[in-house]
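Please treat every number below as a calculation from the coordinates, not as lab data. All figures in this text were calculated on a predicted structure; none of them were measured in a lab.
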Amino acid sequence: MFLTLFGEKLNGTDPEDTILNAFKLFDEENTGKIGEDYLTTMLSTMGDRLNKEEVDLMYQGAPLDDEGWLDYPAFVRQIKHGTKDEELVKSS
């Protein structure tokens, strides 16, 4: 749900590569991943601060691995293009 709302908010605004570059600023080792704890801290203390509920909603359906790393290129694709599940719902 959050990804859909977030994607709708971002769709038509910043291009995918601009959003990806914003995430890259927090990926000092250029791994394509950002730690969940680190990103949570950044999202709740910088810019338009998200509260705990908003952060929790964002992580629902986000591509997090078992160690808590967010695959942000995949996340950006989800935000801008949706998920396969959303495509199935739209086509029904």
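Give, in nm to one decimal, the length gained when the segment between Glu29 and Glu54 is fully stretched (0.36 nm per residue of separation minus the Cα-Cα distance). Kindly include the intermediate steps, with their values, before the conclusion.
Working: separation 25, 0.36 × 25 = 9.00 nm, distance 2.69 nm.
Taking Glu29 through Glu54 to full extension adds about 6.3 nm, to one decimal.
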Hz values of 3J(HN,Hα) by residue in the range 56-70 - Karplus curve (6.51, -1.76, 1.60), Gly and Pro given as x: 4, 5, 4, 6, 5, x, 6, x, 9, 8, 5, 9, x, 9, 8
